[in-house]
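Participant: Pasting in a structure now, in structure tokens, and then I'll have a few things to ask.
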Amino acid sequence: MVSRLWTLSVCFSLFAKALAFISLNESQVKTKTANNHWLILYTATNDLADQWQSFSDNYSDWQSFGVYFGQVDCNKEACPDFDQAQFRLFSEGALVNTVDATKNSWQPVLEQHILSSPISRSIPINDLDTLTRIKESTSSWFIKFYAPWCGHCKNLAPVWENLAMEQASSPINLGEVNCETQRDICAAENVGGLPTLAFYNRGHRFVYNGKRELDSFKTYVKKMTGPAFEVVSYDALAKIQAEPVSLVYIHSPKDTNLEAIEQVAVQGMDKLPVYVTADKKIDKELKGAGKLPRLVMIKHGGQVQSVNDGPSSTWADWVDSHKYPLVTTLASHNANEVLKGKRLVALYLTANEQTDAGFLAVSLDWESSGYDLPVTFAQLNAKQWSTFVKRVYNVDAKDLPGLVVLDPKKKLYFKEGLNGEGFTTTQPEALFAALQHTDELHGQTTDVPRGVSIVQKILVFVGDHGLKITLVMLGLSAIVFYINHTRQPQGTNMPIQPTEDDDHEKKD
């Protein structure tokens, strides 16, 4: 019996292995490749048999996404245009590439074809190797990190599937990682909250923080798969200066090598608009005229212009240090980046969303003074985030507006300057001195104590969602009241009365 089971197991294994790719004749090739994506080996020998079997085995799961593998024996078939072993790659009926199978470089080329094949589903990613290949590929991927128990993830699921279907013919694919079962992948990608949406493009990783709506996703994808920069003339200067912050690369008309600026532009293409020009009018009007090539970071309608005319090796760090607008308005999509980032933060706490003119003037003064210290000037609607602000910075809504200095790397905040007085927008010098000497300030931790009890957490939740909870409780009370006063025995108009069984149960 054991011998028979072993024989069946071996036969099943061989059968499964044989199904990794399909043997085809020429007429079948025409029929099969009319749909989906096919990678077909044309060969007259068995030299690549093991390698092709192993490769197709590795991607056998992709058959459910419309990626198939085949082989044509050119000893039996009259293979057209065949002189040596080769792979022919088909997509929806069209031959898109032919790869020399005699060279050792064929595997990466085929992997790129698979990863870039437009697929109308979100593909589960179940191992780090697959994600690594995606990150190293030239293809664009939008990947969702989620967990089955996550409520926001459940709400996102149908929108994500619709996006995958709509992007089936676009240059990107969608994937998903279940952080409950693939914890190693989520740990490697530093996934902190769920869902996390990461866009992988040209060797870079971007975290999407916009609205989780189909139209917002489509706009983002279009932007991220488009050109990294825009070539402009003088007519575009007004548009450039209207941006909260923008980067202009000015070069000589003879200098047509734009690889260095493209690398810089790609790194920030999710947030920073980059413009490239050789227009002499723009050159004359912007700061640092005549020095080419140079970068000019423009903020606040052109009132603030920072220049880098150094070597391209300095560009990336310089852009990263100067890319923030004069005042960053914090919301759920960018709060973590600022409040948990690497830069010092001057945080202005207000009772509304409007940028405070006094705080804007302070930021403008800091920029104009030429301080080298990277500082983000940010504003938060503390009335809307009142519980968070009270819990983390100990600022009451009645004390607004308020100004605090944050050191995210040390997880500290400071409410008083070197003179022991609180920060105000009317005394920027005290704020600037404090920013440059945070090591001399008395700070308090921004970490919420880990020992917070369940009762405290409930109270915090109630404080954050008091109105919603009140409405829900009123609704439930109304339903209970309605049921108790309208429920009747079937077929009668009499109100419900206790039964004898009820009386016995009470007595017992």
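Participant: Once the principal axes of the Cα atoms of segment 156-213 are found, what is the range along each, listed largest first in whole angstroms?
Facilitator: Largest first, segment 156-213 extends 31, 27, 21 Å along its Cα principal axes.
Participant: Something else: Hey, which aspartates and glutamates would be in cross-link range of Lys239, C-alpha to C-alpha under 14 Å, not counting anything within fewer than 8 residues on its own chain?
Facilitator: Glu230
Participant: Calculated FRET efficiency, Ala260 and Met165, Cβ-Cβ r, R0 41 Å, to nearest 0.05? Write down the numbers at each step before the final one.
Facilitator: Values: r = 38 Å, r/R0 = 0.93.
Using R0 = 41 Å, I get an efficiency of 0.60.
Participant: With the dipole of segment 328-445 worked out from charges on the C-beta (+1 for Lys and Arg, -1 for Asp and Glu) around the Cα centre, which of Thr350, Gly443, Asn336 lies farthest toward the positive end?
Facilitator: Asn336
Participant: Shape call for segment 328-445 from the C-alpha gyration tensor, a ≥ b ≥ c root eigenvalues: rounded (a/c under 1.5), prolate (a/b greater than b/c) or oblate? Don't skip to the end; give the middle numbers.
Facilitator: Values: a/c = 1.31, a/b = 1.22, b/c = 1.08.
Cα axes put segment 328-445 in the rounded bin.
Participant: How many times 2.2 N^0.38 Å is the alpha carbon radius of gyration of segment 230-322?
Facilitator: Values: Rg = 11.8 Å, N = 93, 2.2 N^0.38 = 12.3 Å.
The reported ratio for this selection is 0.96.
Participant: Which length gain, in nm to one decimal place, applies between Lys390 and Glu353 when the Cα-Cα distance is subtracted from 0.36 nm times their residue separation? Could the numbers behind the result be given before it?
Facilitator: Working: separation 37, 0.36 × 37 = 13.32 nm, distance 1.82 nm.
Result: 11.5 nm gained on full extension.
Participant: Among Ala44, Ser23, Gln84, which residue has its Cα furthest toward the positive end of the charge dipole of segment 13-106, with +1 on Lys/Arg Cβ and -1 on Asp/Glu Cβ?
Facilitator: Comparing the listed Cα positions along the dipole, Ser23 ranks first.
Participant: Mind checking which lysines have their Cα closer than 19 Å to the Cα of Lys291? Skip sequence neighbours fewer than 8 apart in that chain.
Facilitator: Filter leaves Lys254, Lys280, Lys281.
Participant: Simple spin-label model, 7 Å along Cα-to-Cβ: Lys323 to Lys135 in nm?
Facilitator: Output for this residue pair reads 1.8 nm.
Participant: Among DSSP beta bridges whose residues both lie in segment 13-116, state the antiparallel percentage, nearest 5.
Facilitator: Working: 12 of 22 bridges.
Of all bridge pairs located within segment 13-116, approximately 55 percent are antiparallel.
The numbers here are math on the coordinates, done by the rules we state, and not lab data. In this text the structure is predicted, and so the values were computed from the model without any measurement. A quick note on method: Cβ atoms are made from the backbone with ideal geometry, for glycine too, and the neighbour counts reach across all protein chains shown.
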